[in-house]
Structures are given as structure tokens and as C-alpha cells.
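See structure below.
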Amino acid sequence: SAYVQDPADKPSEKCGILNVTKITENGKKVRKNWTSSWTVLQGSTLLFAKGQGGGTSWFGGGQSKPEFTVDLKGGSVEWASKDKSSKKHVIELKTRQGTDLLIQSENDSIVNDWFKALQDTISNHASE
Ligand code: I3S
């Protein structure tokens, strides 16, 4: 039936507000700067827009550009060890480009969903 969608055909799109910081850039350690960020997973790309005081930052639809994007292909996710952050529910995302991020939310179910989505995306694009 047209109403039954094969889960394999489902486009990987997910969005929400997360706390994010880079911890390395091009393989070099950088100072943390936790930012609340509108986050969009689109295909194998993860896009972040910095939250702007007062208004909600948005990208797409011809509006402001994402603050930064990372390609998940060839990356990895794991739960961050205690020495990486004192915060709870922290995902460590490592990318092939050498940019590593910590991604966090106070809401553990939100973080668990993102962990699964990132992991699925990485494994679905593993052969690319
Ligand atoms: O890994 P660190 O250096 O303990 O990370 C903390 C710092 O980035 C701190 O800012 P200062 O650079 O001004 O010290 C942040 O306020 C903390 O949130 C960082 O640690 P957590 O454990 O929250 O990731």
C-alpha cells in the first residue's frame, strides 16, 4: 500500500535544540564554547545554527546560513567519558575531517534519540 513506507526509504531528517561545543578542529584541541544550537540532521550532514539572543535562528528557506556543518561520513559517535565533560548525557562525535564535537541536552531521551540517529546515519553511509 502507498501508506506503508519502507523504513529504509525514510529520509534521515531530524532537528532540535542541543548544547554543542567543538573540542577539536582539524585535529587540534580547541577551547570549549558550549552553545545552544538549532541542530539539523540532513542526510549525512549535521548542521548547526547558533541560537541568537531573542530570536530563533533558522537556516534553509533562503534565510541565514548555518553556523557550521559537519559531514558524518566516516565519523563515529560514543558516549563522552567523564574527563571530557562534567555534564550529563554527552555525545562525543568525531568526524573524518578532524573536527570533534560534544553534543548534550539535559533531557536524556532527546540525547538518546540523537545518539541513535547519528549512529544510524554513520552506519548507513559507511560505504561512501
Ligand atoms: O573541559 P573544561 O575546560 O573543564 O571545560 C569547561 C570550560 O570550557 C568552561 O569554560 P571556561 O573555559 O571559561 O573555564 C565551561 O564553562 C564549562 O562548561 C566546561 O566544562 P563542561 O564540563 O561543562 O563541559
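None of the figures in this text is laboratory data; all of them are computed from the coordinates on show. Since the structure is predicted, the reported quantities are computational estimates derived from the model, not experimental observations. Because the Cβ atoms are built from the backbone with ideal geometry, glycine has one as well, and the counts that use them run over all protein chains shown.
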If packing is taken as the average number of other Cβ atoms within 10 Å across a peptide's residues, how do 76-87, 25-36, 94-105, 115-126 rank, most packed first? 94-105, 115-126, 76-87, 25-36
Which Rg and Dmax, in Å, describe the Cα atoms of segment 62-128? 12.8, 40
